[in-house]
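Have a look at the structure below before the remarks.
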Amino acid sequence: MRWIRSESFAAWAFMTPGLIIIAVFVFWPILYGIPLSLTNYSVIAETKYVGLTNFKNAFLDKNFTISLWNSLLYVIVVPFIQIFSILMAILVNSRIPGIKLFRAAFYIPVVTSMVAVALIWSWLLSNNGVVNYLLMKVGIISEQISWLSASETALATLMFITMWKALGYYMMLYLAGLQGIPNDLYEAARVDGANRLQLIWSITLPLLRPHIFFCSLISVMGAVRVFDEVYILTKGGPGTSTLVSSVYIFEKGINQFNFGYASALGLIVSVLIGGLSVLVFKFNQKGGVNPY
């Protein structure tokens, strides 16, 4: 019993600093945002209780509605991230010469600052950038495309950049799951005559189910909360074509000092994320990611 107590004490001692930081900078702002959303708090003016006025105004705010819709559209990137990261994980889990270099190359974007990534992609995707040059050189396009300044392509381009940066992170998570699958299962299936596709469909995907659920959940949450690449590259433009909820909340709270209204918007988005998370849970319970 003393050994168990000492182990528990050591565990709590290591976790306490992190828990304090999370409590102060995550949970306390969330809790404080609830009463703040019921006021007109703006730092520079007198604070008054306004009840549910901020929430009523939010649903009448056309720009906020657009930002919510764009945030939901951003979730489209999630299946592509999961599919490609699983395929990449399967590839790097195989014994191919130079595979360690391949792993490192795909993980570099994960540890690279989004500011640096945004600057690189803004140069690559400029009208006279490398992407337009190569596509015109091979005959795929006949004229330059304004990838980030045209409303037709801006949001899809940002989704691609998000996917490019996130693939390495999810690849490593799935790789950890793949390395936990006993090789005996594959060998037994090969003896029974299973081909490569059957091995993936009948063994790999079912045993990766917990990882698929976890990765899908955090990916959906991250897609709705996307901020860095949008704010750095387009700031919600052109027009409102890439205006997402996080950028709009930032504009209202930080730039316009309307913290009460921004808090109300943040709570609405939090409810939306919670609802999407429940859908992911339901999907997992019904066995949507289970081939059987």
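Identify, by number, the condition in (1) in a helix (DSSP H, G or I); (2) surrounded by 15 or more Cβ atoms within 10 Å (Cβ to Cβ); (3) modelled with pLDDT under 90 that Trp12 doesn't meet.
It fails just one condition, (2).
For the range 242-276, how many residues meet the condition of being under 15 Å from Tyr74 (Cα atoms) and either of a type in the set (A, V, I, L, M, F, W, C) or modelled with pLDDT under 95 (or both)?
Selection size over the range 242-276: 7.
Please state which of the following conditions Glu143 fails to meet, knowing it meets all the rest: (1) open to solvent by less than 60 Å² (accessible area, probe 1.4 Å); (2) outside any helix (DSSP H, G or I); (3) not aromatic (Phe, Trp, Tyr).
(1)
Could you give every pair whose Cβ atoms fall below 8 Å, whose first residue belongs to the range 129-145 and is closer than 16 Å to Thr157 by Cβ, and whose second residue is loosely packed, with under 12 Cβ neighbours inside 10 Å, counting only separations of at least 6 or pairs across chains?
Close Cβ pairs (under 8 Å, with a partner that is loosely packed, with under 12 Cβ neighbours inside 10 Å) amount to Gln144/Asn128.
Could you list all residues from the range 235-251 that are open to solvent by 40 Å² or more (accessible area, probe 1.4 Å) and in a helix (DSSP H, G or I)?
Passing the criteria: Phe250, Glu251.
Scan the range 39-62 and give yes if some residue there is within 30 Å of Ile212 (Cβ to Cβ), in contact with a helix residue (DSSP H, G or I) (Cβ under 8 Å, 6 or more places away or on another chain) and open to solvent by 60 Å² or more (accessible area, probe 1.4 Å), otherwise no.
Within the range 39-62, the subset within 30 Å of Ile212 (Cβ to Cβ) is none.
No, the range 39-62 contains no residue that is within 30 Å of Ile212 (Cβ to Cβ), in contact with a helix residue (DSSP H, G or I) (Cβ under 8 Å, 6 or more places away or on another chain) and open to solvent by 60 Å² or more (accessible area, probe 1.4 Å).
What residue, among those in the range 252-267 that are open to solvent by 20 Å² or more (accessible area, probe 1.4 Å) and of a type in the set (A, V, I, L, M), is nearest to Pro238 (Cα to Cα)? Working first, answer last.
As a first pass, look at the range 252-267 and keep what is open to solvent by 20 Å² or more (accessible area, probe 1.4 Å): 252, 254-259, 263, 266-267.
Checking which are of a type in the set (A, V, I, L, M) leaves us with 254, 267.
Values: Ile254: 21, Leu267: 26 Å.
This residue is Ile254.
The values are calculated or read from the model by the stated rules, or taken from the named source; none is laboratory data. What you are looking at is a predicted structure, and each value in this text was computed from that prediction instead of being measured. In this analysis, Cβ positions are derived from the backbone assuming ideal geometry, glycine residues included, and neighbour counts consider all displayed protein chains. For the accessible areas, the whole protein counts, side chains as well, though only heavy atoms, and no ligand, DNA or RNA atoms are used. Shrake-Rupley method; radii C 1.70, N 1.55, O 1.52, S 1.80 Å.
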